[in-house]
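The values are calculated or read from the model by the stated rules, or taken from the named source; none is laboratory data. Given the structure is predicted, the values throughout are model-derived calculations rather than measurements. Here the Cβ is made from the backbone with ideal geometry for all residues, glycine too, and neighbour counts use every protein chain on show. The accessibility values were calculated without ligands, DNA or RNA, using every heavy atom of the protein model including side chains. Shrake-Rupley method; radii C 1.70, N 1.55, O 1.52, S 1.80 Å.
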Amino acid sequence: MNALAWYLQLRGSVRQAARWAGRALAIPGDVSPELRARAGSWEIGISILLGVESKPVSHVRSAIESFDGADDPLGLAMAQWFLGYVLLHVGHLDVSEELAEQSSTGFRSLGHDWEIAVSASLIAHQAILRDNGKTAATAAEEAFAGFRALEDRGGELLTIYPRAVLAEHNKDIATAERLHREGLELAGRLGSARWPANRRGQRARYLR
C-alpha cells in the first residue's frame, strides 16, 4: 500500500492515493503497528495536500508519534520526509525543515542511497526559500549525484528547480534555461506531477 500511495502521489493522483490510504487503515483484524503508522502518515499528508486538515502541524506531529510503538526506522524516516514535503507546500517551513533534517539523519544511518537523495532534494528546496545558497547548492548537488548514480530520471527532476534558481542567482542564464527546458521535457516524458504547472509559468520567459 505504501509503495502504491507513493507512486500515485508522484503521478499527481492525490485523491486516488487518499482512497488507498483510507482502505489500508480500514482493513479489519490485526494490523501491525508499522503498517498502521505508515498508512496513517500517508493519510494525514494527503489530507493536508487536499486542504481538509485544519491543524496540519498538530496532525503531522501525531502521525510521527504513531511510530513510537513501531520498530520501523525506515518507515519513520520516510514519514518524516513525506510530511516535511507536505508542510513545505502548505507554508510551514520551520517544521518542514525540522522533519527533513530528521529524515536525512535516519536515512543516512540506514545507508539508503535513494532516500538520502530525496531528503537532500527537500533540503535544497527549503534552502532556496531561506535564500541560503550554500546549503541549497550542496544539497541539490548531492541529490542530483545520488539520483544520477541510481539512474532515476524522475528523481533528477526533483533537483532541477533548486539548481536552476541557483544558476539564475549566479546570472548563469544559459544554464538556468537549459535546466528549465530539461525539467519540462522530462516531466512530459514521465507524465509526472513533480514539475508543477505554476513553475512552468514562472519560468516561461526562459522558453522563448
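Looking at (1) polar (S, T, N, Q); (2) open to solvent by 40 Å² or more (accessible area, probe 1.4 Å); (3) at pLDDT 95 or above, which is the one condition that is false for Asn170?
Condition not satisfied by Asn170: (3).
Any residue at all in the stretch 153-168 that's on the phi < 0 side of the Ramachandran plot, outside any helix (DSSP H, G or I) and without any contact (Cβ under 8 Å) to a residue 40 or more places away in the chain?
No, because not a single residue in the stretch 153-168 is on the phi < 0 side of the Ramachandran plot, outside any helix (DSSP H, G or I) and without any contact (Cβ under 8 Å) to a residue 40 or more places away in the chain.
Just one of Gly111, Gly155 is touching a helix residue (DSSP H, G or I) at 6+ places or on another chain (Cβ under 7 Å) and not polar (S, T, N, Q); which is it?
Gly155
Looking only at the stretch 20-34, decide whether some residue is modelled with pLDDT under 80, outside any loop (DSSP other than H, G, I, E, B) and not hydrophobic (A, V, I, L, M, F, W, C).
Looking for residues that are modelled with pLDDT under 80, outside any loop (DSSP other than H, G, I, E, B) and not hydrophobic (A, V, I, L, M, F, W, C), one finds at least one in the stretch 20-34, hence yes.
Where residues in the stretch 106-137 are without any contact (Cβ under 8 Å) to a residue 12 or more places away in the chain and assigned to a helix (DSSP H, G or I), which of them is nearest to the chain's Cα centre (by Cα)?
Top of the filtered list is Arg108.
Tell me, please, whether a residue that is within 15 Å of the chain's Cα centre (by Cα) and not β-branched (Val, Ile, Thr) can be found in the stretch 50-73.
no
Look at Ser103 and say whether it is crowded, with 18+ Cβ neighbours inside 10 Å, within 22 Å of Leu49 (Cβ to Cβ) and in contact with a Leu (Cβ under 6 Å, 6 or more places away or on another chain).
Answer is no for this residue.
Restricting to the stretch 81-95, name every residue that is within 10 Å of the chain's Cα centre (by Cα) and either open to solvent by 20 Å² or more (accessible area, probe 1.4 Å) or hydroxyl-bearing (Ser, Thr, Tyr) (or both).
Residues satisfying the conditions are Tyr85, Leu88, His89.
Is the stretch 75-94 home to any residue that is of a type in the set (Asp, Glu), part of a helix (DSSP H, G or I) and modelled with pLDDT of 95 or more?
yes
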